[in-house]
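Worksheet: one structure, shown below.
The numbers here are math on the coordinates, done by the rules we state, and not lab data. Small disclaimer: the values here were computed from a predicted structure and weren't measured. Cβ sites come from the backbone with ideal geometry, for glycine too, and all protein chains shown count toward neighbours.
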Amino acid sequence: MTWLLIILAVLVIAVVLWLVVTYNRLIALRNIVEESWRQVDVELHRRYDLIPNLVETVKGYAAHERGTFEAVTAARAAASTPGSTPAEQAQQENMLTSALRQLFAVAEAYPDLKANQNFLELQRSLSETEDRIAASRRFYNANVRAFNTKIQSVPSNLIANTFGFKIADYFEVDDPNVRSAPRVQF
């Protein structure tokens with residue numbers, strides 16, 4: 001009888017330990033997802049800080065392209081609004097990327113602008129920032145995948161459901177130009 005109680009006590013302790021470890025692992029994964037989202041946010045804000053300088057530089061050369069400047073400014077304002085979910089942020093970033101493409105298309109029409117050192121430096125900085133955003137997004141999405149897998153896997157899903165852990169959103173590009181295959185012509 002005492003052996004049975006000892007075995008039962010060991011099993012109860014093992015289950016409790018498993019619950020605690022699983023819960024703590026879910027908390028750690030959730031915090032890693034949140035931290036990696038903050039890194040994406042830092043890189044996005046770096047981008048937002050570069051855009052007004054870029055717009056002002058291009059304005060000096062292409063003053064009659066007012067609609068493009070207004071579109072970039074409006075898209076930047078929408079994208080830099082705090083409190084967005086990753087899905088909302090991705091949609092706003094797609095609009096900003098599209099507006100920036102228009103701005104660079106305008107710049108292509110002005111050879112003096114393309115040779116301007118300030119414009120070239122801003123363009124290089126923006127390109128570096130885009131690379132950093134892409135790396136941060138990959139890191140964030142990898143952490144979201146790990147967290148979501150843990151939440152959806154048996155038996156940790158029992159703990160996740162009990163304590164209200166929710167699936168995290170991926171930060172995905174929804175731009176058809178990015179998703180389509182490049183067209184090659186000879």
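List of remarks:
- Compactness check for segment 1-87: Cα Rg over 2.2 N^0.38 Å is 2.24.
- Quotient of the Cα radius of gyration of the chain and 2.2 N^0.38 Å, N being its number of residues: 1.51.
- Given charges at Cβ of Lys, Arg, Asp, Glu: the chain dipole, positive-most of T68, T81, A134: A134
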